[in-house]
1. Output wanted: per-residue J couplings in Hz (rounded whole) for the stretch 443-452, from phi through Karplus 6.51 cos²θ - 1.76 cosθ + 1.60, θ = phi - 60°, x for Gly and Pro.
2. Among C83, C314, C77, rank each residue by its count of other Cβ atoms within 10 Å, from fewest to most, as a rough exposure measure.
3. Between T560 and residues 5 or more places away or on another chain, which pairs have amide H atoms under 5 Å apart, with H built 1.01 Å from N, and which residues are they?
4. Could you check the simple spin-label distance between R391 and T492, using points 7 Å along Cα→Cβ, in nm with one decimal?
5. What is the ratio of the Cα radius of gyration of the stretch 600-681 to 2.2 N^0.38 Å, with N the residue count, to two decimals?
6. Quick one: if you stick a label point 7 Å off each Cα along the C-beta vector at E656 and E163, how many nm between them?
7. Sort L211, L321, L482 by Cβ crowding within 10 Å, fewest neighbours at the top.
8. Which of the three applies to the stretch 338-437, rounded, prolate or oblate, going by the alpha-carbon gyration tensor with a ≥ b ≥ c and a/c under 1.5 meaning rounded?
Amino acid sequence: MSGAGAGLGTWAAVYAGYDDDALATLASPGLVRRARKDVAAGRVEPVEARPDGVVVSVGGVRVELDARGPAGARCACPTPGACQHVVAASLWARGTGAAPAAAPAAARDGATPSAPAPDPVAEILALDPRVVHRAAGAAVVRAVAETVPAEPGEGAVGGPPVEVAVDGPRAEVSWPGAPRVTYVAGAGFPGMLVAPEGAAWSDADERRWRLEALVHVWRAHGRPWPWPERAAATPRATGVPDARAVADEVVRAVERLLDVGLSHVGRDDLEELRGAGVVARLGRRPAVQRLVTSAVGRLEALADRRDAVDETDCLLALAELWAYVQAEPPPDAGTPDERPTDLGRVVSLGARWWVAASGARGVTVHLWDADAGRVRSVTTGRPPGADPTFRRSWDLPLVWGRSVEALCRGPFALRGATERADTGLRAGEGPAVEPLGALDADELRDVAARTATTPPRAEAGFGRAPAAVRVVMVREVGAIALDEVAQELTWTLVAADGTETVVRVDAADEAACDTLLGVAAGNRRVVAVAVERDLASRSDEAVGLFVDRPGEGLDVVVPTLTPAYDHRAWSTPWTRLRARVRSLRGRAGTHAREVVVPTPVEEVCDTLLDTVVALAATGRRHLTPHQASALARAARTADDLGATTLAATVGLVAHEPDAARLLRAGFVASRGRTLARAVAAAPDPGPRAREASA
């Protein structure tokens, strides 16, 4: 590609509208000065010419320019927004000019054809309001629709006078009480500039000023701005946003966070997402509100630089939220997120006390619904630092006004419970618990037979990671040992069919280790164990141990909650093992799990997810050569496997990875990986079952 003399093409005309003052508004005066020095020093070099754009190198950093102007430029550096490289590339494009590479015949004959001068006001009046509304976001559209009067005034809009000053390809719009807004011909709504004038505008504020400026120009020319019906109807008057309005709020808030870059997100950047959660609550969408709360908690932990949360966790939470509101049709009155229900016979399979990465804590109780023949879960918790009376306890009332110990005494009926759309149960003090006697081994055998296999699709759902809980009847107990590599206490249990199940307890959890050791050191027979499968590590965690109580039925021991037996009565070998656990816990810093060879589908999903996380973390939209090559291999592998949806998703990211495509790809990769692991972890049904299914 040649230098400035050859020109860039008609697409570069938009850069002529960005003079130094406009670029300073987009970035800062200091960046413009430094960028101008880069151009003068020859640090901006063309790399690749395209029909609709150009790729340049600014000091070794790749920048892509096209007809969208500086606002649509893509830079390979991690700085979000208009960085020094983008400003330098824009200055270079402006100086190179929009002349076509091949001069027309009229020019060779000495004639100088003149291109029509850009008219920014005419462009504003020709804008499609629907396109502008999509770029502005539903919340901004509603806010402006409520503040602007219905009919245009003569020379003024809504009372205050509006001034429109045209300066070549730029139109500056101003009115009292508002910053100066500049429209650049060819740049459209995304390329509009809002002068800060000493105030730090949020992204939503800038979009509001841009939209209001366009509305003012239309109305100043006697044209009413056509608002969408939902905005014109002023939903705030009803007080209940509909499902589509909730979805629009959530989608816009989530996509804006990816445009900023997850690594650059601070607590102040989460206000729009928190507001979307409030809208979900007002719209009576508790499922959406729970997903928003979960995502905000992870993002706050990431903003605080907590080691337990990384960009992958946040991206998956945002992708799940985005996909939920995008894919789910608006529910009607017959299918609410929650509904009352009665459960005739419920058996407690165990429970687990947990502490989230954000610092939230809580307990999840796993129940067997005998009538429906499925496992249900109820979870309750508290945010970080809230309610000091809510603590890890076996006998304090934590769920439905009752303790976990009371729920584990035996089967019971549950009257007046609230069932969620995900088949889980809502915690609270409303339901009535009616004991139904003692639990026996025969009932557990039926539960074990019906929970032996879980359909892989049932293990991938929205919200909290689904619990893959099953009951294993124990024929004999094996050795209890300490896995110093994985930092876990392990216990091998032999099932009735001879298969071994290794249950694990985190060595850092002193109470859980003591409880498990206490059961192993005692003389009571273990009849069955309820285990929760971790699809990520493919390990089993014991959530309930059913031990025989001669003549009285079975007791349920929950490792994370049941108090340990008095270890002073233990024999010497158990005391030594407990000392080893305590010593290991003092040395433990990280968990190193056994490496599991991924399946081909998992490899494709992992490759796609790694790329998506890297782009979402930085806010940039340019693939490195290594990422492009990895995605190309992943697409070929997905095609060979016949995974058309996965292959198409890889292609979307490789082509143009905008925020929506990154969120979609993150969701598809996460779900594909979960299903692949669930299929790989499913036990072999045996030749007879395979013949019967065939």
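Laboratory data are not the source of any read-out in this text; all were calculated from the coordinates shown. Remember, predicted model here, so these are calculated numbers, not experimental data. Glycine gets a Cβ as well: all are built from the backbone with ideal geometry, and neighbour counts include every protein chain shown.
1. With the stated coefficients, the stretch 443-452 comes to 5, 5, 4, 5, 5, 4, 5, 8, 10, 4 Hz.
2. Numbers: C83 21, C314 27, C77 17.
Fewest to most other Cβ atoms nearby, the residues stand as C77, C83, C314.
3. W353
4. Those two pseudo-labels are separated by 3.9 nm.
5. Numbers: Rg = 11.7 Å, N = 82, 2.2 N^0.38 = 11.7 Å.
The reported ratio for this selection is 1.00.
6. Label-label distance for E656 and E163, simple model: 3.8 nm.
7. Least crowded to most crowded, the residues run L482, L211, L321.
8. Numbers: a/c = 1.90, a/b = 1.55, b/c = 1.23.
Prolate, since a/c reaches 1.5 and a/b exceeds b/c.
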